[in-house]
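These notes are about the structure you will find just below.
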Ligand SMILES: [Zn+2]
């Protein structure tokens, strides 16, 4: 929309707003009889009330890196208002133009707060609440404190958030906060490395998603390969099909069924695909690709030639280098439709994000380090996501080795933690090393530092958001919120420690690695194992914990089967040769290439010896050799710290004879002494 230029911006916006509301009110069949657009505000408010209309205000923000114009936001807000029986006086349209660099003055925001405070309007309408502030958390805070606590109503029209819906608005807001983060990840997945300027000029910079084609630009300079440049454009035919599918999914169709229909309709597929139809995963990605709502991004990864390793690799760019451009010409799906579909996808997946079968725990991720000693084969997780893991040879394994994942991993973690704390030599072995960092590595480290900084900021925002949500949620949800906060805090701590190590290495050639630094790194590894075993780590971190676990156990944990007399299932003992040096060195950021140290194997029980076997021998000694009564034997055991009643002791005793394969001697119960029978 072109505004008449001679008018001051405030006035032109007011006129623009007034026109839109009047037009949309007419479309919505609001009775405009007696409405005088130029009457004083108080008269217009009185008129609206006499017609049963509610009074609303609109808050919009134009942010420089999201090129979604304020005009469009204001228009959408006013249209929604008219359709839902609200009158928005042009005076109540508050706009902030996000400036660059300098501290932004939020005149629009301040005006909106003032209107709410004066109770001049009942309802605040925004396009997208999380867009109003730099973080989703701030948007939530604003809705809570300035709107709901003031007894007013807030609506975020593109997200379907309405505080009048007391039961769901907070959950929805929370979900959108998470989704915004997911969206960044999704964007990253969808973006190919490319040349920034070409992209910003709208040139094709790689493969285009289904629904777009490269339109030739004969006037533009030719490419390095002397080809005509192309810019992305919407394929209208395919776009219709895409919208149809988004609508189906929004309305509750299963994703499998949607995909089946896409294939049946001969829907297009990625030309690079080797299949003759779209892959199911590609269909799912199509449903979450933000490019369809006009959000095009680029710059997450860049290809860098590494002299050291002599190959090109992808490194992460600092977050600030990601350019996100809103191109309405490339939009296929409306924001409402897009987010409605994301909501369905998110509910199907749970909060954990795009991942099958829920979040992985450390115990799930380290199965690959366990090996059957008899078969020399590795372990696999039991089918159906069970809690066990077994030898690859399964039923044909001579030991039919199956162990509980969690218990086995816990046992190894505990042993590693003890070892880390007890290994005094480790400190010295690392201190003899001095790291020397070359120039290429230096550049790479600087990149990593920037990316870590950005990640820490983002986790921090999430923590604030979660803490706020925890305070607001029902008692039942609070625990799970707290757990999420803890996981996020652990993640932040981990990132900070990585950052510290990177910074140290960067600044480091002159500064030797001190004992303090190494001690810190060791205690950090120890903590990582502990948090990993107890399931406290977030998604990113648990993978790192798993990798560290693998390094620390020296790559393999051998499972030895030990038969158990008189029973079908025996014990399983784990054996591994720890390598504490490699991960610790990496953690302090020191250079590698140290001779492997000699280390003794560590033995742990992967399937522990049951209590009854642990104590059978003792029971035999106390009763048969020392001739104690069961009750006296019980006392002796108690003195040694074992609290068993004499019934249990009897079982241990019986087990001893089972173990040695002899009948139990005919001995009167309780060794001939009278005793009150117990259970
Ligand atoms: Zn085996």
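Values quoted throughout were computed directly from the atomic coordinates according to the rules given, and no laboratory measurement underlies them. Computed from a predicted structure; not experimentally measured. Note: ideal-geometry Cβ built from the backbone for every residue, glycine included; neighbour counts use all protein chains shown.
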Legend entry - For peptides 266-277, 639-650, sequence by mean Cβ density within 10 Å, most packed first: 639-650, 266-277
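Order 31-40, 519-528, 565-574 from most to least packed using the mean count of other Cβ atoms within 10 Å. Intermediate values should be presented prior to the final figure.
Values: 31-40: 11.0, 519-528: 19.1, 565-574: 16.0.
Result, highest mean first: 519-528, 565-574, 31-40.
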Inset, instruction - Could you list 396, 20 in order of exposure, starting from the residue whose Cβ has the fewest other Cβ atoms within 10 Å? - result: 396, 20
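What is the extension gain from residue 277 to residue 544, computed as 0.36 nm multiplied by their sequence separation minus the C-alpha to C-alpha distance, in nm to one decimal? Before the final figure, lay out each step's value.
Working: separation 267, 0.36 × 267 = 96.12 nm, distance 3.64 nm.
Contour length minus the Cα-Cα distance gives 92.5 nm.
Rounded to the nearest 0.05, what FRET efficiency do residue 164 and residue 265 have when you use their Cβ-Cβ distance and R0 = 51 Å? Before the final figure, lay out the partial values.
Working: r = 40 Å, r/R0 = 0.79.
The pair residue 164/residue 265 has a calculated efficiency of 0.80.
At a Förster distance of 56 Å, what's the computed FRET efficiency of residue 149 paired with residue 624, Cβ-Cβ distance as r, to 0.05?
Values: r = 76 Å, r/R0 = 1.36.
Computed FRET efficiency for residue 149 and residue 624 comes out at 0.15.
Any chance you could run the full-extension gain for residue 244 through residue 422? It's 0.36 nm times the residue separation minus the Cα-Cα distance, nm to one decimal.
Net length gain for the segment: 57.7 nm.
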Legend entry - Distance (nanometres) between label positions extended 7 Å along Cα→Cβ at residue 215 and residue 360: 4.3
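If I stretch the segment between residue 483 and residue 256 completely, what's the gain in nm (0.36 nm per residue apart, minus their alpha carbon distance), one decimal? Walk me through the numbers on the way to the answer.
On the way: separation 227, 0.36 × 227 = 81.72 nm, distance 3.30 nm.
This chain segment gains 78.4 nm when fully extended.
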Inset, instruction - For residue 457 paired with residue 33, estimate the spin-label separation in nm (one decimal), with each label point 7 Å from Cα along the Cα-to-Cβ line. - result: 5.7
Inset, instruction - Could you check the simple spin-label distance between residue 118 and residue 23, using points 7 Å along Cα→Cβ, in nm with one decimal? - result: 2.9
Inset, instruction - Once you have a ≥ b ≥ c as the square roots of the Cα gyration tensor eigenvalues for the range 611-672, tell me rounded if a/c is under 1.5, and otherwise prolate or oblate according to whether a/b is larger than b/c. - result: oblate
